[in-house]
Amino acid sequence: MDLSRAVWCKASLSTENGGNCVELASAGDQIAVRDSKDPDGPKVIMSRDDFRHFAVTLKNL
């Protein structure tokens, strides 16, 4: 998947001092996730439904 034109968004609670953050981008009917400290590194791509389940699971940890 070509993510070269993706608009990446960092969580509003992320800090500007190099905290551990992920960034998200909408990629059609999918969501892409990357490490903000390694923007050229690997990305995880999942369906919107899978992302919702993933986010709920993390929130409940």
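The values are calculated or read from the model by the stated rules, or taken from the named source; none is laboratory data. Fair warning: this is a prediction, and the values are worked out from it, not measured in the lab. Note: ideal-geometry Cβ built from the backbone for every residue, glycine included; neighbour counts use all protein chains shown. Each accessible area value is taken on the protein alone, full model and side chains, heavy atoms only, with ligands, DNA and RNA left out. Shrake-Rupley method; radii C 1.70, N 1.55, O 1.52, S 1.80 Å.
Give, rounded to the nearest 20 debye, the magnitude of the charge dipole that the chain has about its Cα centre when Lys and Arg contribute +1 at Cβ and Asp and Glu contribute -1 at Cβ.
160 debye
Over all alpha-carbon pairs of the chain, lay out the pair-distance distribution in 10 Å bins, whole %, shortest bin first.
Each 10 Å bin holds this share of Cα pairs: 21, 53, 26, 1.
For S12 and T57 in one chain, what is 0.36 nm times their gap in residues minus the Cα-Cα distance, to one decimal in nm?
Net length gain for the segment: 14.2 nm.
Got a number for carbon plus sulfur as a percent of the chain's accessible area, 1.4 Å probe?
54 percent
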